[in-house]
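What follows is a set of notes on a single structure, which appears directly below.
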2 protein chains.
Amino acid sequence: MPVVTETRVDFWQAHGINPDNCPVRQVLDHVSAKWPVLILMVLGGGPRRFNELLRALPDISKRMLTQSLRNLERDGIVRREVFDTKPPSVSYSLTELGQGFLPRVLALADWAETSMPRILAARDAYDRG
Amino acid sequence: MPVVTETRVDFWQAHGINPDNCPVRQVLDHVSAKWPVLILMVLGGGPRRFNELLRALPDISKRMLTQSLRNLERDGIVRREVFDTKPPSVSYSLTELGQGFLPRVLALADWAETSMPRILAARDAYDRG
DNA sequence: CGGAATCCCCGGCGATACTG
DNA sequence: CAGTATCGCCGGGGATTCCG
């Protein structure tokens, strides 16, 4: 199993890599941010238009949806296509990169769902102790 | 591939599940928070004492290390053992649950590392466009 | 050694209003 | 339809200090 060895940490330091500028962490941030994972799950079902996404994620605001989509688009995970119709319409879909990303995120989410009983039990024990 | 279907979203709404209280998201937060992943990677190499972790993560503060460890301990991912020696010593290690969690996180991190050239290229194109 | 307590700042995020 | 602009709060997280 890959681990953080002294030499690995030394390598990071030598290259000025820290948690704030680490590119890997920047990608992991898509996982931790509030909406991106849910957006990707919806897009896993096929391309969606802006307002379709808005309706699919009940509590998201237009502002946050736009911002989240922009971040994902910038990293090449989501593709944005504008159709010059009237009224204008925009389609969002997973790129190839996004199609590789999503299953790994879902693997983590599935693990969390499966492990939830043990996690909740641990929390309960911790809170009572 | 699992997706977010209308019925799945309806199920969430019916059970009052939203991004703020979703237990799965609470677990995913360990991935996105600043330090937990790095801590888990270090602990993947075996049990470590508090100050060993402090030295292994060059820029972390005692405050954040303590807080991150507590969160992971609460979810049953990390085990904390106190030895009544002088001076006092505390050992942190992965639980069985944590040993199941770590490889899935690393799978994501490895994907990010492997995909980094394409991601950086996408960012570059986005920022220039 | 392994923390806990306090102070403070910055930025994520929501609400609201406006636009091509 | 698909956004942008502006305001304001509140909480995550760093720096510092103190403790058993």
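The values are calculated or read from the model by the stated rules, or taken from the named source; none is laboratory data. Source: prediction; values computed, not measured. FYI the Cβ positions are ideal-geometry reconstructions off the backbone, even for glycines, and counts take in every protein chain you see.
Take the conditions modelled with pLDDT of 95 or more and within 19 Å of B:Asn18 (Cβ to Cβ) and apply them to A:Arg55. Does it pass?
The answer is no for A:Arg55.
With the requirement that a residue be away from DNA strand D (no atom under 11 Å from the Cβ), closer than 26 Å to A:Ile119 by Cα and without any contact (Cβ under 8 Å) to a residue 40 or more places away in the chain, what does the range B:55-76 give you?
Matches in the range B:55-76: B:Leu69, B:Arg70, B:Glu73, B:Arg74, B:Gly76.
Would you please name the residue that is farthest from DNA strand C (Cβ to nearest atom), looking only at residues in the range B:69-91 that are assigned to a loop (DSSP other than H, G, I, E, B) and more than 10 Å from chain A (Cβ to nearest Cβ)?
B:Asp84
Restricting attention to the range B:97-110, and to residues there that are at pLDDT 95 or above and in contact with a Lys or Arg (Cβ under 9 Å, 6 or more places away or on another chain), which single residue is nearest to the other protein chains (Cβ to nearest Cβ)?
Applying the filter and picking the extreme gives B:Leu97.
Among the numbered criteria (1) within 10 Å of another protein chain (Cβ to nearest Cβ); (2) closer than 19 Å to B:Ile17 by Cβ, which one does A:Pro117 miss?
In the conditions (1) within 10 Å of another protein chain (Cβ to nearest Cβ); (2) closer than 19 Å to B:Ile17 by Cβ, A:Pro117 misses (1) alone.
Of everything in the range B:20-68 that's under 12 Å from B:Tyr92 (Cα atoms), assigned to a loop (DSSP other than H, G, I, E, B) and facing chain A (nearest Cβ under 8 Å), which residue is farthest from DNA strand C (Cβ to nearest atom)?
Among them, the one singled out is B:Gly44.
If you go through the range B:32-51, how many residues are modelled with pLDDT of 95 or more, among the charged types (D, E, K, R) and either farther than 15 Å from B:Arg80 by Cβ or surrounded by fewer than 18 Cβ atoms within 10 Å (Cβ to Cβ) (or both)?
Number of matching residues: 1.
If the requirement is being over 20 Å from A:Asp29 (Cβ atoms) and in contact with a helix residue (DSSP H, G or I) (Cβ under 6 Å, 6 or more places away or on another chain), which of these qualifies: B:Leu108, B:Leu94?
Details: B:Leu108 fails: over 20 Å from A:Asp29 (Cβ atoms).
Step by step, each of B:Leu108, B:Leu94 is checked, and only B:Leu94 is over 20 Å from A:Asp29 (Cβ atoms) and in contact with a helix residue (DSSP H, G or I) (Cβ under 6 Å, 6 or more places away or on another chain).
Show the residue pairs that are 6+ apart or on different chains and have beta-carbon atoms under 6 Å apart, the first residue being within the range B:15-36 and hydroxyl-bearing (Ser, Thr, Tyr), the second being at pLDDT 75 or above and near DNA strand D (Cβ under 9 Å from one of its atoms).
Close Cβ pairs satisfying both conditions: B:Ser32/A:Ser32.
Looking at the range A:120-129 only, could you name the residues that are surrounded by 18 or more Cβ atoms within 10 Å (Cβ to Cβ) and more than 7 Å from every other protein chain (Cβ to nearest Cβ)?
Of everything in the range A:120-129, nothing turns out to be surrounded by 18 or more Cβ atoms within 10 Å (Cβ to Cβ) and more than 7 Å from every other protein chain (Cβ to nearest Cβ).
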